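Novice: What follows is a structure written as C-alpha cells; I'll ask about it next.
The values are calculated or read from the model by the stated rules, or taken from the named source; none is laboratory data. Small disclaimer: the values here were computed from a predicted structure and weren't measured. Note that we place each Cβ from the backbone using ideal geometry, even for glycine, and neighbour counts take in every protein chain shown.
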Amino acid sequence: MAEVKIGIATRPRNGYFENGDGYFTKQWDDMLFLAIFDGLGHGKVAAAASERCLSILKEYYQAPLSVIFATAHDALRRTRGVVMGIALVNLSTLLLRYAGVGNIATMVISDEQSTHLISMDGIVGYTLPTIKEFTHQLIHGDVIMMYTDGISSSNLSLCPREQLKGADPQFVSEEILKKHAKSEDDATILIAHI
Ligand SMILES: [Mn+2]
C-alpha cells in the first residue's frame, strides 16, 4: 500500500480563540479519507457548527459520501452550517472520489498539470444540493491539496509546484498558512502526498 504523508495547518481569524474551520483524516485498510470544512461566519457559532460536523465525520467516515453529507446536513440544521469537501482515495487503485459543497478548494497537483475538483453550490445544514461524486485517477507522487476560503487562492497559485511536491507537507502547510492566510477569516490547508 502507498505510504501517504499528510500535513495540515489551521488557525482562527485574528483576535479569535475559537476556530470555525475543521478537518478530519483517517486511513483504514486501503482507504484514505480527507475532509476539511468551514463553519459559516467565525467565532463561537462557526466553531459550534464545525464541531458538530467533526463528530458526524468521526462516526460516518466509512459511509457513502452522499450519506455522510445527508447525515451532516440533518445534524447541522440548527447551526450556521458548514461548507465541506471530502476526498476518498483507494490506495490500491489510486482512484480518488471527491464531493464538495460550498466554497472549499480541492486540487490534484501532478507533474504536468493541476486539476481543480468541483464543489457544488450549497451549505451543509441549510441548502444541500444533490451530491455528485467526481472521480480522478491519481498516480504515485501526486499531491492533493484542500483549503478553505481563508487561504488566498490567488497568492497560493504562485506557490511553486516543486515546493508543493518536494518538501514535507506539514512544513509546506504551515508556510502557506503563514504567508497566504487572510487575517479576517479562519484558515485551513491540508496537503497529502500520495
Ligand atoms: Mn471561511
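Novice: For Lys26, state whether it is part of a helix (DSSP H, G or I) and touching a residue at least 12 places away in the same chain (Cβ under 8 Å).
Specialist: When the stated conditions are applied, Lys26 does not pass them.
Novice: Separate question: With the range 122-194 as the region, which helices (runs of 4 or more DSSP H) entirely inside it contain at least 2 residues that are within 16 Å of the ligand (Cβ to nearest atom)?
Specialist: Where helices (runs of 4 or more DSSP H) fall fully within the range 122-194 and carry at least 2 residues being within 16 Å of the ligand (Cβ to nearest atom), they are 153-156, 169-180.
Results for (1) more than 26 Å from Val143 (Cα to Cα); (2) out of contact with any strand residue (DSSP E or B) (no Cβ under 8 Å at 6 or more places or on another chain); (3) buried (at least 24 other Cβ atoms within 10 Å of the Cβ), shown as yes or no for each residue.
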| position | (1), (2), (3) |
| --- | --- |
| Lys58 | no, no, no |
| Gln62 | no, no, no |
| Ala70 | yes, yes, no |
| Arg80 | yes, no, no |
| Gly85 | no, no, yes |
| Ser92 | no, yes, no |
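Novice: Moving to a separate point now. Taking the range 2-23 as the search range and keeping residues that are in contact with a strand residue (DSSP E or B) (Cβ under 9 Å, 6 or more places away or on another chain), more than 16 Å from the ligand (Cβ to nearest atom) and in a loop (DSSP other than H, G, I, E, B), which one is nearest to Leu76 (Cα to Cα)?
Specialist: Per the stated criteria, the residue is Val4.
Novice: While we're here: Could you please let me know if Arg97 is assigned to a loop (DSSP other than H, G, I, E, B), of a type outside the set (Asp, Glu) and away from the ligand (no atom under 16 Å from the Cβ)?
Specialist: No; evaluated as a whole, the condition is false for this residue.
Novice: Another question, if that's okay. Determine, yes or no, whether Gly102 is small (Gly, Ala, Ser) and either away from the ligand (no atom under 16 Å from the Cβ) or in contact with a His (Cβ under 6 Å, 6 or more places away or on another chain) (or both).
Specialist: So Gly102 does not fit the description; no.
Novice: Report, ordered by the first and then the second residue, all pairs with beta carbons closer than 6 Å, sequence separation of six or more or different chains, a first member in the range 38-56 that is touching a residue at least 12 places away in the same chain (Cβ under 8 Å), and a second member that is part of a helix (DSSP H, G or I) and away from the ligand (no atom under 15 Å from the Cβ).
Specialist: Here the result reads Arg52/Ala75; Cys53/Ala72; Ile56/Thr71; Ile56/Ala72; Ile56/Ala75, each pair linking the range 38-56 to a residue that is part of a helix (DSSP H, G or I) and away from the ligand (no atom under 15 Å from the Cβ).
Novice: Would you mind telling me which numbered condition in (1) more than 16 Å from the ligand (Cβ to nearest atom); (2) part of a loop (DSSP other than H, G, I, E, B); (3) charged (D, E, K, R) Arg80 fails?
Specialist: Result: Arg80 passes all but (1).
Novice: Could you check Gly85 against (1) away from the ligand (no atom under 16 Å from the Cβ); (2) modelled with pLDDT of 95 or more; (3) not aliphatic (A, V, I, L, M) and say which number it fails?
Specialist: Every listed condition holds for Gly85 apart from (1).
Novice: Sticking with this one: Just one of Ile56, Ile36 is β-branched (Val, Ile, Thr) and either modelled with pLDDT under 95 or in contact with a helix residue (DSSP H, G or I) (Cβ under 6 Å, 6 or more places away or on another chain) (or both); which is it?
Specialist: Ile56
Novice: Just give me the residues in the range 26-74 being within 16 Å of the ligand (Cβ to nearest atom) and touching a Leu at 6+ places or on another chain (Cβ under 7 Å), in sequence order.
Specialist: Hits for the range 26-74 are Ala35, Ile36, Ala46, Ala49, Cys53.
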